[in-house]
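For reference, the structure is listed below as structure tokens.
The values are calculated or read from the model by the stated rules, or taken from the named source; none is laboratory data. Worth saying up front: this structure is predicted, and the values here are computed from it rather than measured. Positions of Cβ are backbone-derived with ideal geometry, glycine not excepted, and every protein chain shown enters the neighbour counts. Note: areas computed on protein heavy atoms with side chains; ligands, DNA, RNA excluded. Shrake-Rupley method; radii C 1.70, N 1.55, O 1.52, S 1.80 Å.
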Amino acid sequence: MIKLENIHRDFEVGDQIVHALDDINLEIQQGEYLSVMGPSGSGKSTLLNLIGMLDHATSGSYYLNGKNVTELDEKQEAETRNKNIGFVFQAFHLVPRLTAAQNIELPLILAGIDPSIRKEKIDKVLEELNLTDRAHHKPDQLSGGQRQRVAIARATISEPSVLLADEPTGNLDTKSGHDVMKTLESLNDHGITLIMVTHDVALGDRSKRSIKMVDGRIESDTLS
Amino acid sequence: MLSKDFITLTGTSLWTHKLRSFLTMLGISVGIAAVVLLTSIGEGIHKYVVSEFTQFGTTIVAINPGKTTTMGMSMGVFGTVRPLSIEDAEALKRLPYAKSVVGFVQGNAELEGNNRTRRTTVYGTGHDFPVAFSMPVRSGKFLPDDDPNSPRAFAVLGSKVKQELFGNLNPLGQRIRIGGDRYRVVGVMESKGQILGFDMDDTVYIPLARGLELFNREGLVEIDVMYDEGTNVDQVVKGIKRILMARHGREDFTITTQQQMLDVLGSILDVLTFAVGAIGGISLLVGGIGIITIMTISVNERTSEIGLIRALGAKHSQILSLFLGEAVVLSAIGGIAGLILGVGIGLLLTTAIPALPIHTPWTFVILAESIAILIGLAAGVIPARRAARLDPVEALRAE
Ligand SMILES: Nc1ncnc2c1ncn2[C@@H]1O[C@H](COP(=O)(O)OP(=O)(O)OP(=O)(O)O)[C@@H](O)[C@H]1O
Ligand SMILES: [Mg+2]
């Protein structure tokens with residue numbers, strides 16, 4: 001469960017202050033599927049980074065699974081991120097010199113998990129995402145859709161409770177975009193909280209819940 | 001993170017930029033090779049000089065006239081200095097543990113024999129000289145054990161002098177002139193070669209009393225006492241002091257043990273080794289700057305990757321150690337290559353120029369490798385800290 005209370009995120013640009021997030025109050029239940037829509041610069045990515053603890057609120061409180069995470073130190077934050085949060089980016093962000101399997105393995109390596117357990121998990125996720133025969137390919141030998149599926153596999157390998165996707169289909173054609181959406185939604189069906197930023201109204205309509213952001217505020221929060 | 005994974009991640013990262021990694025390692029290699037080679041030469045010279053000094057054994061005590069400190073300042077100005085006499089040397093022979101006592105005067109004189117002349121070093125010394133300094137006689141005999149105050153006019157030739165004056169003729173029994181006085185050749189020394197630059201074969205030995213006369217000197221230049229192996233050197237020094245003080249009434253002489261000589265010599269040579277090592281250290285410094293440069297470039301290039309692994313849950317400390325690890329691997333492998341290079345060039349030099357003393361002690365090897373690793377750590381710290389402190393959101397935006 002995610003709970004944001006009176007969240008502000010200000011950026012100082014020269015002598016001007018940009019209110020990227022302006023008094024956000026938001027509660028997201030475990031297993032929800034939420035799309036975040038809104039015009040460019042409305043604060044969607046800032047909101048996602050904050051939920052992912054990559055960014056910090058200027059003021060306000062953030063509770064993740066009942067715990068006030070605004071009070072965590074750098075180490076605890078990293079551990080929480082590693083265990084509870086998965087990121088999927090528009091630009092994939094795969095490490096170019098590592099193979100698909102090695103990229104997927106990264107969160108487990110950072111957590112110091114035993115290689116034999118890692119192998120088991122990776123084989124399973126590769127199978128699920130239809131990537132088994134691509135396991136030893138480098139990112140530049142994969143298609144865009146395959147790359148994003150590798151990124152999804154990496155985001156979910158630690159079995160996090162929340163999956164944050166910032167325009168996951170932004171760099172993909174319709175067909176691969178569709179595959180990636182299917183993959184994300186099936187993960188949601190299995191209980192993961194899916195929060196997805198998108199510009200695409202058609203994609204936004206697929207989720208049960210959708211919020212619209214304007215100028216750092218939540219303008220509407222609708223259930224369908 | 002498991003150490004095996006740590007090594008894999010570091011390795012693949014360096015392997016991706018093979019040429020760059022190789023060149024950076026090369027920088028460290030050259031530095032380490034320079035340090036190892038130069039200090040090895042310094043250490044080789046050290047060993048060489050010390051072995052030259054100790055070839056007469058370590059159980060020697062030298063006595064020189066005048067009271068000098070180790071700083072070389074003569075204290076003679078504060079009072080009259082009695083010269084060391086032949087009688088002093090004779091008196092020292094009474095010391096129970098003195099194996100032999102040899103007095104010296106030394107100078108240059110003109111030699112004339114077999115109608116040839118040669119200017120050479122002349123030593124006035126005693127009967128015990130060949131035994132004390134293990135310089136064997138090749139033919140004939142050394143100077144006889146005459147009355148030290150009125151010895152017969154006998155001379156013993158160094159092998160080179162013999163060759164120059166007499167060629168292949170037998171010089172034994174021949175008459176020569178040294179500084180105008182007539183001597184009879186009674187022996188020829190075995191060839192000894194050079195010791196610290198002195199040609200020991202270009203010499204003539206005559207009795208001590210005649211040497212004093214020849215060079216018109218009041219006293220001996222030096223008396224050397226060889227003592228029994230098992231005797232404590234302090235006891236020997238005390239014994240010598242007692243005898244000479246009784247004879248001179250005051251301490252107007254200087255006793256130098258072989259150990260003191262070695263200590264002074266050793267500290268001078270250590271400074272030499274350190275100085276050449278420091279010169280090599282400059283190239284090591286350049287190698288270290290190479291690591292800083294390449295690691296800084298690497299951090300810049302991998303900014304978005306750093307942002308990513310932060311998003312995947314990497315701690316500051318993990319990013320810090322990953323980049324430090326790369327720097328240390330570069331310097332450690334570079335260091336090993338440098339050691340091989342340095343020792344290899346050393347071996348080549350030894351084969352090419354056998355006279356050049358080169359010696360690489362194991363401690364140098366370990367020290368050099370530790371220095372290489374330390375340089376890697378020091379050079380890696382700045383870029384690695386920068387990597388760890390990157391803001392993950394900003395880093396992810398970089399492309
Ligand atoms: N590091 C920063 N420094 C200054 N201003 C920033 C920074 N990051 C974001 N902003 C500002 O905060 C606002 C929200 O940015 P954000 O990236 O969240 O928008 P977005 O909704 O994700 O837009 P897009 O749809 O174009 O991705 C923008 O006005 C942006 O200029
Ligand atoms: Mg955005």
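Can you tell me which lysines have their Cα less than 19 Å from the Cα of residue A:208? Leave out same-chain residues fewer than eight positions away. Leaving aside lysines fewer than 8 places away in the same chain, those within reach of residue A:208 are A:3, A:44, A:182. Ordering of B:347-360, B:278-291, A:90-103 by packing is A:90-103, B:278-291, B:347-360, highest average first (other Cβ atoms within 10 Å, averaged per residue). The alpha-carbon of residue B:241 sits under 16 angstrom from the alpha-carbons of these aspartates and glutamates, leaving out residues fewer than 8 places away in its chain: B:87, B:88, B:90, B:222, B:224, B:251, B:252.
Here the extension length gained between residue B:217 and residue B:22 equals 63.4 nm, from 0.36 nm per residue of separation less the Cα-Cα distance.
Computed over protein heavy atoms with a 1.4 Å probe, the carbon and sulfur contribution to the accessible area of chain A reaches 47%. Counting Cβ atoms of other protein chains within 10 Å of each residue's Cβ and taking the mean over peptide B:393-399 gives 3.
For residue B:308, the shell of other residues with beta-carbons less than 10 Å away shows a net charge of +2, using +1 for Lys and Arg and -1 for Asp and Glu. Our note on the geometry: Cα centres of the range B:297-342 and the range B:208-229, 69 Å apart.
Need one number: convex hull volume per residue for the range B:82-251, Cα atoms only, in Å³. Please list the in-between numbers first.
On the way: hull volume 20.0 nm³, N = 170.
Hull volume normalised by residue count: 118 Å³.
The label-point distance for residue B:52 and residue B:234, in a model that sets each label 7 Å from Cα toward Cβ, rounds to 3.3 nm.
Taking a Cβ cut-off of under 13 Å around residue B:359, the surrounding Lys, Arg, Asp and Glu residues balance to a net charge of 0, with basic ones at +1 and acidic ones at -1.
The A and B chains share an interface that buries close to 2300 Å² of accessible area, total over both sides, probe 1.4 Å. For the residues of A:44-51, the average number of beta carbons from a partner chain within 10 Å of their own beta carbon is 1. Angle check, please: helix A:74-84 long axis (alpha carbons) against the longest principal axis of chain A (alpha carbons), in degrees 0 to 90, nearest 10. Result, in degrees: 60. Label-to-label distance for residue B:182 and residue B:297 is 8.7 nm, based on points extended 7 Å past Cα in the beta-carbon direction.
As a rough guide to protection, the peptides A:60-70, B:387-397 ranked by mean Cβ packing within 10 Å, highest first, stand as B:387-397, A:60-70.
Spin-label model, residue B:356/residue B:8: points 7 Å from Cα along the beta carbon direction are separated by 4.7 nm.
Membrane-span-like helices in chain B, defined purely by DSSP H runs whose alpha carbon atoms cover 24 Å or more axially and whose average Kyte-Doolittle hydropathy reaches 0.0, are B:18-53, B:258-301, B:316-352, B:362-389. Provide the gained length on full extension for the span residue B:282 to residue B:347, in nm with one decimal, where the gain is 0.36 nm per separating residue minus the Cα-Cα distance. Stretched fully, the residue B:282-residue B:347 segment lengthens by 21.1 nm. What residues from the range A:34-72 fall in the zone where the backbone N is under 13 Å from a label point 7 Å along the Cα-to-C-beta line of residue A:10? Answer for the range A:34-72: A:58-60. For the peptide B:317-329, the mean number of other protein chain Cβ atoms found within 10 angstrom of a residue's Cβ is 1. Taking every protein chain into account, the accessible area of chain B amounts to 49 square angstrom per residue (probe 1.4 Å).
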